[in-house]
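Asker: Please see the structure below; I have some questions.
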Amino acid sequence: MDIRKEFLEYFKSKQHNVTDSMSLVPDDPTLMFTNAGMVQFKDIFTGAGLAPKNPRATSCQLCLRAGGKHNDLENVGYTARHHTLFEMLGNFSFGDYFKEDAIKYAWEFITKNLSLPIEKLWVTIHNSDDEAYDIWKKYISEDKIKRFGDKDNFWSMGETGACGPCSEIFYDQGEENFNGKEDYLGGEGDRFLEIWNLVFMQYERDENGKLNPLPKPSIDTGMGLERVIAIKEGVQNNFDSSQFKPMIEKIATLCEIRPTSKTIGSYRVIADHVRAVSFMLSEGILFDKEGRGYVLRRILRRAVRHGYLLGFRKPFMGNIVDTLIDIIGKHYEDLKDKQEYIKEQIFLEEERFFKTIDNGMNLFNEELPNTKEKFSGEIAFKLYDTFGFPLDLTQDMLRENDKEVDIETFDKCMNEQKAKAKASWKGSGDASKEGDFKKILETIGKNEFIGYEHTQSRSKIVALLDEDFNQVDNLSKNSIGWVMLDKTPFYATSGGQAGDTGALEDGEHIAIIKETAKFFDLNLSKVEVVGSVLNVGEDVEAIVVQREEIEKHHSATHLLQSALKIVLGDTVSQAGSLNDTSRLRFDFTYPKAMNEKQIQEVEDLVNSMVAHSIHGTVEELAIKEAKTKGAIAMFGEKYGDMVRVVQFGDVSVEFCGGTHVKNTAEIGSFYITKESGVSAGVRRIEAVCGLSAIAYTKSIINNMKKIESEVKNKDALLGIVKLKEQIKQLKTELTQAHENVSTPLQKEIINDTKVVVDIVENGDIKKLVDDMKNGNDKIAILLLQKKGDKVLLVAGVKNAKVKAGDWIKAVAPVVGGGGGGRPDFAQAGGKDASKIDEAKIKAMEFLKENI
């Protein structure tokens, strides 16, 4: 049975709208990852967004719980039911049906569609929910309905907001299989397995904690697909099901060791983590030092460490990706489409960690015997900072030895490093926007974007908001706010393309459009009122400016991606972009810096595409047709049944909602201005075209003219060559001048030792000291030389009683300096050149006293 399909088809038959799984990266600044089926409906449940026309929905949602508040990472491999990534089946009612139908649907699906034996089923409810109790006893005996308190059976979205009691359905896996002290209903054991949670959202909790009944209660349910599959297949552990068993068998084949009761945990961790990493990579998340990318790195490195325990010493996880796609690829085509890219990224990250894991494990094992209660925080930080061991990986290793990390010291080391590096956390999402958006949606509805066809239109102001997004009737002169037009030519920032700027006019220039953005599908433009008051209901001329320059850069980005795939290989994928009036920035996956030849080849390819005047087309296609056509999708983006496809001949076909040139010739010229690294495995190209390319070439020409003037030669290169030759000749002459001191040095004999103490105007006095030492059997020499307002002192001794280091230490203070060295050679610097003669006298006095 395909349980996923069975579930969705069942609720479709109950008039539910089947919605696709949303991205693992939610459009929600409060969440690191999508961790439940209700996330994509959160705005509806909170009241920030409108309920859809069909108030019933169902989905099979990919969820990730490996970061932030919801984190199951540490439990994976140690329990039968926890996973970093899992699929949540859910049905939702937005003010439509409530407890009666929610319970009826759940019971019917479990007992009829899944045919689970009734005698194995148990139900829990909140201890105050008599309504749910009365409904449940129609389907199951009352002795199998158990009441629990808030901790187990009350769900809240936060401290305030929508909340309500919930009812959980459990499956009894049998006392014969599980009989530990926690194997009771409500315990932590695995005998009673929770399979479905029905949340009855019937209250609004205010700031005082009071529960106020909602006028239209809602339903939010979630059922773990992996758990149900395991039950239907008759296994007590999710990892023994068809979703994981083939991967565990593959791991055993690769390491040539069969799992045992002691090692099976490592096999399960690897299988789970390969799954999570693969889906994260397929959605555009990249390995990084912070944020979601760091969670991705932590998951992979935890898997590598368990592979290390099984004997792996080189990358191995890519082989398991193939098995994963055999299992689940037919349900997730994006995963299959990006199979080679996923394997390449995993290989590169594994390779990085395998380079340091040996030394890290050695350090860990050296410190472990010294650990009584807490493992050294300094060592844990060194493992993190030097060897790439995430803290939770070290904690995981210590957990196996019943020990823990000294977190206080680790945090102190981490904070010290952050202070030095002035590091800052980027956060997990964009800034939250609150305002009267729902009110506008309810009273006015969405506005129409006409910017694909028009860059100027006669439009009506249907709403105005102040800077805090509160709805107002007007905006006064010199104020700043947001305008909503009934039909707008202004493109809102999206897909890497900067939002439009421009003006609103009505016989005169009355407002400047500073930027355009989307809020809950409302296209709003930020305005600065420069003329008279701006009023709701007013008709204005909306004018977009400089759109054509943005379009040139956006279209050039499409051509650039095609060129990169040709030069660097087809696994190159977009990792981010920015296109505005003056430049483009394109981030892409590639393991190393491009060389000059590759950069030039890419630039030449793009310019060739431009020069060939390739006509651009835009089509609305069914997503399957677009993929068949070879259209490239942006990583992390979720698309509907119909997609917009932008094509330039046979060189570029991409899913894109942005605006573009009609012909590549409009781009003009294309120049790469910089190639750099963003993070491990991600490179960045910055480039210009259109008017910016003209400005760029003009700056190069002007700089060339300046160079020609400076080198006094119309052929700048020839002039530079001649200058280099002149510099080389001058250096030679200067060296010769230093070596040939015109003034003879003062010499005398004291106690059979040749003594030289003198001031030298030019030449290399270090070389002079060495030369005299080499040319004499017994000598003591100290030379002084002015260097601007400073003094250089050098002393050398050979077969004499005095020590050069002591000699320098005695003399240097006279000229405000210090220094020292070996008995046979020493040097120092002084700050006061006016006392160089006094220093010479002091040098001779010291010598006579000590030789």
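Asker: Quick one: length gained pulling Ala622 to Tyr452 fully straight, 0.36 nm per residue minus the C-alpha distance?
Answerer: Gain on extension, Ala622 to Tyr452, equals 59.2 nm.
Asker: Also, I was wondering about something else. Cβ neighbours within 10 Å, averaged per peptide: list 42-48, 377-383 in order, most packed at the top.
Answerer: Put in order of decreasing packing, that is 377-383, 42-48.
Asker: Kindly report the accessible area of the stretch 571-624 per residue (heavy atoms of protein chains, probe 1.4 Å, no ligands, DNA or RNA), in Å².
Answerer: 50
Asker: Could I ask something else about it? Which cross-chain or sequence-distant (5 or more) residues have an amide H under 5 Å from the amide H of Phe375, H modelled 1.01 Å from N in plane?
Answerer: Those lying under 5 Å, H to H, from Phe375 are Glu404, Val405, Asp406.
Asker: For Ser613, put the label point 7 Å out on the Cα→Cβ axis and report which residues of the stretch 660-682 keep their amide N under 19 Å from it.
Answerer: Label zone hits: 661-670.
Asker: Can you give me the distance in nm between label points at Thr46 and Asn470, each placed 7 Å from the Cα along the Cα-to-Cβ direction?
Answerer: 2.0
Asker: Something else about it: Does anyone have the angle between helix 836-850 and the longest principal axis of the chain? Alpha-carbon axes, 0 to 90°, nearest 10?
Answerer: Approximately 80 degrees, to the nearest ten.
Asker: Can you tell me the FRET efficiency between Lys5 and Glu159 if r is taken as the Cβ-Cβ distance and R0 is 25 Å, rounded to the nearest 0.05?
Answerer: Efficiency at R0 = 25 Å is approximately 0.05.
Asker: From the phi angles alone, apply the Karplus equation (6.51, -1.76, 1.60; θ = phi - 60°) to the stretch 562-570 and give each ³J(HN,Hα) in whole Hz, x where the residue is Gly or Pro.
Answerer: These are the phi-based 3J(HN,Hα) values: 5, 5, 5, 5, 5, 7, 9, x, 6 Hz.
Asker: Now for a separate question. Mind ranking 569-578, 224-233 by how tightly packed they are, going by the mean number of other C-beta atoms within 10 angstrom, highest first?
Answerer: 224-233, 569-578
Asker: Pop out the carbon and sulfur fraction of the accessible area of the chain as a percent, whole number, probe 1.4 Å.
Answerer: The value for the chain is 47 percent carbon and sulfur by accessible area.
Asker: Roughly how many Å² is the accessible area per residue of the stretch 319-379, as a whole number, for a 1.4 Å probe?
Answerer: Per residue, the stretch 319-379 has an accessible area of 52 Å².
Asker: Let me ask another. At a Förster radius of 51 Å, what calculated FRET efficiency corresponds to the Cβ-Cβ distance of Arg399 and Ser141, to the nearest 0.05?
Answerer: Here the calculated transfer efficiency is 0.80.
Asker: If amide H atoms are built 1.01 Å from N in the plane of the peptide, which residues on other chains or at least 5 residues away come under 5 Å of the amide H of Thr488?
Answerer: Glu448, Phe449, Ile450
Asker: Run the quick spin-label model on Asp824 and Ile327: label points 7 Å from Cα toward the beta carbon, then report their separation in nm to one decimal.
Answerer: 7.1
Asker: Run the numbers for Asn365 and Asp101: contour at 0.36 nm per residue of separation, minus the present Cα-Cα distance, in nm.
Answerer: That works out to 89.3 nm of additional length.
Asker: Roll a 1.4 Å probe over the protein chains and send me the accessible area per residue for the stretch 652-714 in Å².
Answerer: Normalised by residue count, the accessible surface of the stretch 652-714 is 51 Å².
Asker: Quote the FRET efficiency, to the nearest 0.05, computed for Asp837 versus Glu708 with a Förster distance R0 of 60 Å and r equal to the Cβ-Cβ distance.
Answerer: Efficiency for this residue pair is about 0.75.
Asker: Another question, if that's okay. Just flag the trypsin sites (Lys or Arg not before Pro) in the stretch 252-285 sitting in loop per DSSP whose Cβ has no more than 14 other Cβ atoms within 10 Å.
Answerer: Lys262
Asker: Helix-derived [θ] at 222 nm for the chain: sum -39500 (n - 2.57) over DSSP H runs of at least 4, divide by residue count, nearest 500?
Answerer: -11000 deg cm²/dmol
Asker: Given H placed on each backbone N at 1.01 Å, which residues far from Ile614 in sequence or on other chains put an amide H within less than 5 Å of it?
Answerer: For Ile614, whose amide H was placed from the backbone, the distant partners under 5 Å are Thr664, Ala665.
Asker: Here are a few candidate values for semi-axes √(5λ) of the Cα gyration tensor in Å: [x] 81, 49, 26; [y] 66, 42, 27; [z] 48, 32, 28. Which one was actually calculated from the structure I just gave you?
Answerer: [y]
The values are calculated or read from the model by the stated rules, or taken from the named source; none is laboratory data. As the structure is a prediction and not an experimental result, all values here were calculated from the model. As a convention, Cβ positions derive from the backbone with ideal geometry for all residues, glycine included, and neighbour counts pool all protein chains shown. Protein only, heavy atoms only, side chains kept; ligands, DNA and RNA dropped before computing areas. Shrake-Rupley method; radii C 1.70, N 1.55, O 1.52, S 1.80 Å.
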